[in-house]
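The values are calculated or read from the model by the stated rules, or taken from the named source; none is laboratory data. Small disclaimer: the values here were computed from a predicted structure and weren't measured. Every residue, glycine among them, receives a Cβ derived from its backbone with ideal geometry; neighbour counts consider all protein chains shown.
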Amino acid sequence: MSNKVDSIIRLILSDMLGLSPLQVSQMDETTELFGAIPELDSMAVAGLLTEMEDRLDIMIDDDDVDGELFATFGNLVAFAKAKVDG
Amino acid sequence: MSTAPRHLSYHFKGYDEACLAFGDASATRRILIVPPLFDEMNRVRAVLVGTMRALAEFSVMTLLPDLPGCNESLATISAQTIDSWQRAMAAAADQLTATHVVTIRGGALVATGIALPLWRLAPVKGASLLKTMLRTRMASDKEAGRATTLESLMADAQNGPVDLSGYHLGATMLAGLEAASPANNAFDVTLGESPDQLPGKPLWLRAEPQEDADMSAALAAALDRWSASCGR
């Protein structure tokens, strides 16, 4: 499931932000997201959370969402994995 | 074969609602396209119109109605509910003598109870659409220095319509949206690369409306095949 979560997050980023398959495939744990990818603004985050909920079948409490969560690709995947395993 | 747009209308609750149409009025296949809801509608309109132009070349007439309260409509958006939109789409199908119904995303929630063959692309739960709109509102509130939550916005709606994604929506619409789920349907299609899927990207999720000629062509080809295989 771990790798599956990783690839689903990559697909969501590509779908929502219009990033190229190459760009999302090159992301690693340290890749910066919020503030580094212009397409990812606070409005896009709203849709991203819902897509993560629907595609990973998880519930995200908006109180858990802070700047750190979207700081790096690694943070986002770790958060999602914790929810999926939760 | 004309591929010029035509502007038809259907009557609902005292208003003449606009309906964009392509293709010959004498066509035997007349597809009513129920668009996605709210801001998702704007993001895919260009793709849908491209699809409609292409279907006119296949001798298929297409109809893209405004939902009451949206686009050119004079009806009040805050008075609309999932139920009123369902009745409006049934009225459009009846008055414009549609032979088939196609929905995109949340359109599936308001195209129910129409006794015509139904094809749906990426149907979505109303609760998901609502949650994204509430979260978007929370984000803009936060930037404006106001702290709101999903719960506080839903509670505010009890005292009067709330603004979500530029739409002034009443409590009954929000409750209807939260409860609405696409019912089972044989002709549901998702985006993807498999032969039974439609190639393309979920442009309804993007920040800005976009065109995608390949997706319009693929959607038109899929709808041509499907509509020829069922219905009148």
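Consider B:LEU48 carefully, then state whether it is touching a residue at least 12 places away in the same chain (Cβ under 8 Å), in a loop (DSSP other than H, G, I, E, B) and of a type outside the set (Gly, Ala, Ser).
No: the conditions fail for B:LEU48.
Looking at (1) within 14 Å of another protein chain (Cβ to nearest Cβ); (2) more than 13 Å from the chain's Cα centre (by Cα), which is the one condition that is false for B:ASP156?
Condition (1) is where B:ASP156 drops out.
Select, from A:LEU13, A:LEU22, A:LEU76, A:LEU69, the only residue that is more than 25 Å from B:VAL124 (Cβ to Cβ), of a type outside the set (Phe, Trp, Tyr) and more than 10 Å from every other protein chain (Cβ to nearest Cβ).
The unique qualifying residue is A:LEU22.
From (1) of a type outside the set (S, T, N, Q); (2) at pLDDT 95 or above; (3) touching a Leu at 6+ places or on another chain (Cβ under 7 Å), pick out the condition that doesn't hold for B:GLY200.
Every listed condition holds for B:GLY200 apart from (2).
Quick check on my filter: what residues within segment B:54-93 are in contact with a Pro (Cβ under 9 Å, 6 or more places away or on another chain) and assigned to a strand (DSSP E or B)?
Across segment B:54-93, the qualifying residues are B:LEU64, B:PRO65.
Residues of segment B:58-97 being charged (D, E, K, R), in contact with a strand residue (DSSP E or B) (Cβ under 8 Å, 6 or more places away or on another chain) and within 25 Å of B:GLU178 (Cβ to Cβ), which ones?
Within segment B:58-97, B:ASP66, B:ARG87 qualify.
Residues in segment B:181-196 that are surrounded by fewer than 18 Cβ atoms within 10 Å (Cβ to Cβ) and either of a type in the set (Phe, Trp, Tyr) or within 14 Å of chain A (Cβ to nearest Cβ) (or both): how many?
6
Taking strands (runs of 3 or more DSSP E) that do not extend beyond segment B:98-182, which have at least 3 residues that are over 21 Å from B:GLN80 (Cα atoms) and in contact with a strand residue (DSSP E or B) (Cβ under 7 Å, 6 or more places away or on another chain)?
The qualifying strands (runs of 3 or more DSSP E) are B:100-104, B:118-121.
Sort out which residues of segment B:19-29 are part of a strand (DSSP E or B) and either modelled with pLDDT under 95 or more than 24 Å from B:ASP83 (Cα to Cα) (or both), and write them in order of number.
Result: B:ALA21, B:PHE22, B:ARG29.
Please work out which one of (1) within 14 Å of chain B (Cβ to nearest Cβ); (2) in contact (Cβ under 8 Å) with a residue 12 or more places away in the chain; (3) out of contact with any helix residue (DSSP H, G or I) (no Cβ under 6 Å at 6 or more places or on another chain); (4) more than 24 Å from B:GLY200 (Cα to Cα) is the condition A:ILE37 fails and give its number.
A:ILE37 satisfies all of (1) within 14 Å of chain B (Cβ to nearest Cβ); (2) in contact (Cβ under 8 Å) with a residue 12 or more places away in the chain; (3) out of contact with any helix residue (DSSP H, G or I) (no Cβ under 6 Å at 6 or more places or on another chain); (4) more than 24 Å from B:GLY200 (Cα to Cα) except (4).
Condition check ((1) over 22 Å from B:LEU174 (Cα atoms); (2) acidic (Asp, Glu); (3) buried (at least 18 other Cβ atoms within 10 Å of the Cβ); (4) under 11 Å from the mean Cα position of the chain (by Cα)) across all residues:
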residue	(1), (2), (3), (4)
B:LEU32	yes, no, yes, yes
B:ASN42	no, no, no, yes
B:LEU64	yes, no, yes, yes
B:ALA79	no, no, no, no
B:GLN95	yes, no, no, no
B:VAL110	no, no, yes, yes
B:LEU118	yes, no, yes, no
B:LYS125	no, no, yes, no
B:THR132	no, no, yes, no
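Suppose we filter B:ALA217, B:ALA222 for residues that are modelled with pLDDT of 95 or more, assigned to a helix (DSSP H, G or I) and surrounded by fewer than 18 Cβ atoms within 10 Å (Cβ to Cβ); which single one remains?
B:ALA217
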